[in-house]
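Reviewing the structure listed below.
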Amino acid sequence: MSNEAAVQEPSYLGAPHGLASWLLTKDHKRIAILYLISVTIFFAVGGTFAAMIRTELLTPQGDLLTSDLYNKVFTLHGVIMIFFFLIPSIPATLGNFLVPIMIGTKDLAFPRINLLSWYIYVLGATITLAAVFNGGVDTGWTFYAPYSSLSSNTSVTTAALGVFITGFSSILTGFNFIVTIHRMRAPGMTWFRLPLFIWAQYATSLVMILGTPVVAITVLMIAAERTLHLGIFDPKLGGDPVLFQHLFWFYSHPAVYIMILPAMGVVSELVAAMSRKQIFGYSFVAFSSLAIAIIGFLVWGHHLFVSSQSIYAGLVFSIITMLVAVPSAVKTFNWTATMYKGAISWESPTFWIFGFMGLFLVGGLTGLFLGAMGLDVHLTDTYFVVAHFHYIMVGGGVMGFLGGLHFWWPKITGRMYNETAGKIAAMLVFFGFNATFFPQFIVGYMGMPRRYHAYPPEFQFFNIMSSAGAALLGIGYLMIVVYLVYSIVKGPKAPANPWGATGLEWEIQSPPITHNFHEMPIVTKEAYDYQHAPMPQREVK
Amino acid sequence: MSTPTTTARHPKLQAHFYTMEQQLEASTLGMWVFLVTEVMFFGGLFMAYIVYRHMYPHAWIEASHELDWRLGGLNTAVLIVSSLTMALAVRAAMIGNKGQQVLTLLLTMALGTVFLVVKFFEYKAKFAHHLVPGPHFDASLEQGMQIFFSLYFMMTGIHAAHMIIGLGIMTYIVINAAKGTYNAEYYAPVEVAGLYWHFVDIVWIFLFPLLYLLGRHAGA
């Protein structure tokens, strides 16, 4: 150790020491760690609410939680998981860590703004937690007017304010990535040499900067209506509550792509590395990210098929919704084609990407059911919808996040985790997830509505299955926390490139030095040049 | 002005940039991207405006007549002149003219303050005439007028908040300009503050006709 330290510059983790050096850091890698810790905490909080929901639904009677309390529990589960976990999960952690390194620069373009974004996140999160302890909020995560703006007597204003503030942390992250990717690429790092993770982050950032401000002004209108008695959505004054739904979904549908696009970027990296092959159809995968981001802005009306939207508008939104499936399918086919005849190694990241593809496939295809206007009338506000978006956001988003975390963990921490534990956890999560959510497609199709704490007894079998699966899922997640934390303490040291992967991040030491590179890298190779990539090497020589 | 050498780093060049040009380009692109988010932020309000004006065309003309177009017009002129002085301030920074920078920045701030004072008196009159939405709103008025005033206060209020933030930024810039911080090599903060100021002006250029001038064309 002392010998090594003498020749090596200390890593970003070691220098400098102390709590203040972390809380005032401008290093993108340390900010990524701060975010990682905070989103993990909020995942646990949101998960606790999910556990309460699943426990209540074990029996058909509403016996554990009163209906009012149940309303608050599912609202908080949604608000926390979406705004405080899923949206920042990959961009603010893996994205923050990897974007500057992958493009060959020392930091994001605005390091202070990057730190500010974390503080804004913490402030928004604190305010939202204050709403939890101050009577909760019961509007559903969608804050639909006029219930949210006029009727609900829970802490809607506080929760809306928390969401408003947190939105700015997401805007600042996206804004930082866009400027960094445009202006800070290393010499030779042309647009078409960028890793596909960067393309995905870029597309995500576009959605963040174009969509988030709209939801910010929308929840601000709700807050103004509640506190200042401005009448904007109030039907008594001639206002139109459906306008709220349009404005809300203009952001909140693209927000789904904020959750899934970065996961797709992760999968593109992992598929190439784990099958040791050049990605199939690089430019198609790159442009499909942009296509998803752009088309994603034109489909929000499929949330309003039964909200008095005109049938012609519904028709157009239905067609465009089908269209957004095309770039998603392009990606899935290209990943499969990449693996075809590849040298696939069965490491734990491989398990996560296989899990991702299976779940995303189911989630994506059931999205077509819901995008079909006629069928959607039957399925609206049933558990079918709940199952669908969990397959996308948890099956896609969280599996991608965890896959990426397992892949880059040696780079981030400089330690190897237990491979066997990683594989077992991936299997637990995959099977637990399917056990939880697949039955919900069935009960949903049979007509069980979402957001009720009681249900007819004939649905109990499926709900017990769902709750049992959720327990399995919870054990899987807990296991990950345990072995990853254990690896920091006791795990063997990671070499620079344990997977034999390409990309600038694998050419520097694990964990990296504060400025990432000893000298400015000059890029001469295409991305995913696996013909000339080094072989995997797990031990430090 | 100092003469740059190829080896010495400019004291204002941050550690993660390689050249001053890269730093300037990043700052200006950053502000443009930020302004895109601002367009979307105000865009939500403009969308609501379009929907309700389409629903209540007559009430909106009535409501618009309650606003004083003379004061609105005065404020428009004030802001356009402040954009000119701001542009001159950026020019002065680029050529490193300290006195001119301070003078034009102070003028810009003074004009911004005039705008806010006029706005204050306009708001005050709305309170007196029971045109502020809520329980005290004049109930005899046509359906839709209250929504107009809700959007009026929201749009002009958020615009005024941007002006106040702008004045804060100007204060920081003028203090640094007085210290002689900005010159041909390093003027990015002035340029970026200028972009912000122009944007806030442009928002007003849209707000003025949309709120004050409905149904005021000849023959109406």
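Only the coordinates and a few stated rules stand behind these numbers; no lab work does. Everything numeric here is computed off the predicted structure, so don't read it as measured data. Don't worry about glycine lacking a Cβ; one is built from the backbone with ideal geometry, like all the others, and counts go over all protein chains shown.
Projecting the alpha carbon convex hull of segment B:38-212 along each direction and taking the average yields 10.0 nm².
Farthest towards the positive end of the charge dipole of chain A, among the residues A:HIS302, A:ILE101, A:ILE464, is the Cα of A:ILE101, using unit charges on the Cβ of Lys, Arg, Asp and Glu.
Relative contact order of chain A: 18 percent, from C-alpha pairs under 8 Å at least 6 residues apart in sequence.
Counting, for every residue in A:69-75, the Cβ atoms of other protein chains within 10 Å of its Cβ and taking the mean gives 0. Which angle between 0 and 90 degrees, to the nearest 10, do you get for helix A:196-227 versus the longest principal axis of chain A when only C-alpha atoms count? Taking the Cα atoms of chain A, the angle to A:196-227 is about 30 degrees. Under 17 Å Cα to Cα from B:LYS12, which aspartates and glutamates show up? Leave out anything in the same chain fewer than 8 places away. Answer for B:LYS12, where 17 Å is the Cα cut-off: A:ASP107, B:GLU21, B:GLU25, B:GLU185, B:GLU191, listed by chain and number. Screening chain B for whole DSSP H helices of 20 Å or more along their axis (Cα) with average Kyte-Doolittle hydropathy at least -0.5 returns B:20-55, B:69-94, B:98-128, B:145-178, B:188-212.
Taking 0.36 nm per residue of separation and subtracting the Cα-Cα distance, full extension of the segment from A:ALA454 to A:PHE431 would add 5.6 nm. Modelled this way, with points 7 Å down the Cα-to-C-beta line, the labels at A:PHE461 and B:GLU38 are 6.1 nm from one another.
Reducing segment A:298-339 and segment A:180-198 to their Cα centroids gives an inter-centroid distance of 30 Å. Across chain A, Cα-Cα distances exceeding 45 Å account for 12% of all pairs.
What is the helix-to-structure angle for A:67-79, meaning the angle in degrees between its Cα long axis and the longest Cα principal axis of chain A, kept from 0 to 90 and rounded to the nearest 10? Long axis of A:67-79 versus the principal axis of chain A: about 30 degrees. The Cα center of segment B:168-220 and the Cα center of segment A:223-285 differ in position by 31 Å.
Under a Cβ-Cβ cut-off of 15 Å, what is the net charge of the residues other than A:GLY342 that fall near it, where Lys and Arg count +1 and Asp and Glu count -1? Summing Lys/Arg as +1 and Asp/Glu as -1 gives 0.
Note that segment A:354-361 has calculated 3J(HN,Hα) couplings of 5, x, 4, 5, x, 6, 5, 4 Hz, one per residue in order, obtained from phi through the Karplus relation 6.51 cos²θ - 1.76 cosθ + 1.60 (θ = phi - 60°); glycine and proline are x. On the beta carbon distance between A:VAL326 and A:ALA471, with R0 = 25 Å, the FRET formula returns roughly 0.10. Put in order of Cβ neighbour count within 10 Å, fewest first, the listed residues A:ILE103, B:ILE158 become B:ILE158, A:ILE103. A dipole drawn for segment B:51-173 from +1 and -1 charges on Cβ atoms has a positive end, and of B:LEU131, B:MET55, B:GLN101 the residue lying farthest that way is B:GLN101.
Between A:PHE192 and A:SER308, the simple label model (points 7 Å from Cα in the Cβ direction) yields a spacing of 5.2 nm.
Computed about its Cα centre, the charge dipole of chain A is approximately 900 debye, with only Lys, Arg, Asp and Glu carrying charge at their Cβ.
Remark: segment A:296-419 carries a charge dipole of roughly 340 debye about the Cα centre, counting +1 on each Lys and Arg Cβ and -1 on each Asp and Glu Cβ. When each of B:ARG9, B:ARG70 is scored by the number of other beta-carbon atoms lying within 10 Å, the sequence from fewest to most is B:ARG70, B:ARG9.
Using a simple spin-label model with pseudo-atoms 7 Å out from Cα toward Cβ, A:HIS532 and B:VAL114 lie 6.5 nm apart.
Restriction of the trypsin sites (Lys or Arg not before Pro) in segment A:314-417 to DSSP coil positions whose beta-carbon has at most 15 other beta-carbons within 10 angstrom yields A:LYS341. Measuring nothing but how far apart in sequence close Cα pairs (under 8 Å, 6+ apart) lie, relative to its length, segment A:331-448 scores a relative contact order of 39 percent. With neighbours defined as other Cβ atoms within 10 Å of a residue's Cβ, the residues A:TYR121, A:TYR530 order from fewest to most as A:TYR530, A:TYR121. Other residues lying with their Cβ under 15 Å from the Cβ of A:ILE279 contribute a combined charge of +3, Lys and Arg counting +1, Asp and Glu -1.
In terms of overall dimensions, segment A:44-144 has a Cα radius of gyration and Dmax of 17.7, 58 angstrom. Per-residue shielding of B:26-36, expressed as the average number of other chain Cβ atoms within 10 Å of the residue Cβ, stands at 5. For B:ALA193, the shell of other residues with beta-carbons less than 15 Å away shows a net charge of -2, using +1 for Lys and Arg and -1 for Asp and Glu. When chain B is treated as a GNM with alpha-carbon contacts under 10 Å, the residue of B:ALA110, B:ALA177, B:ALA93 showing the greatest mean-square fluctuation is B:ALA110.
What does the helix-only formula give at 222 nm for chain A: each DSSP H stretch with n ≥ 4 adding -39500 (n - 2.57), the total divided by the residues, and the result rounded to the nearest 500 deg cm²/dmol? Value at 222 nm, helices only, nearest 500: -21500 deg cm²/dmol.
Close Lys pairs in chain A, defined as Cα atoms under 22 Å apart and 8 or more places apart or on different chains, number 22.
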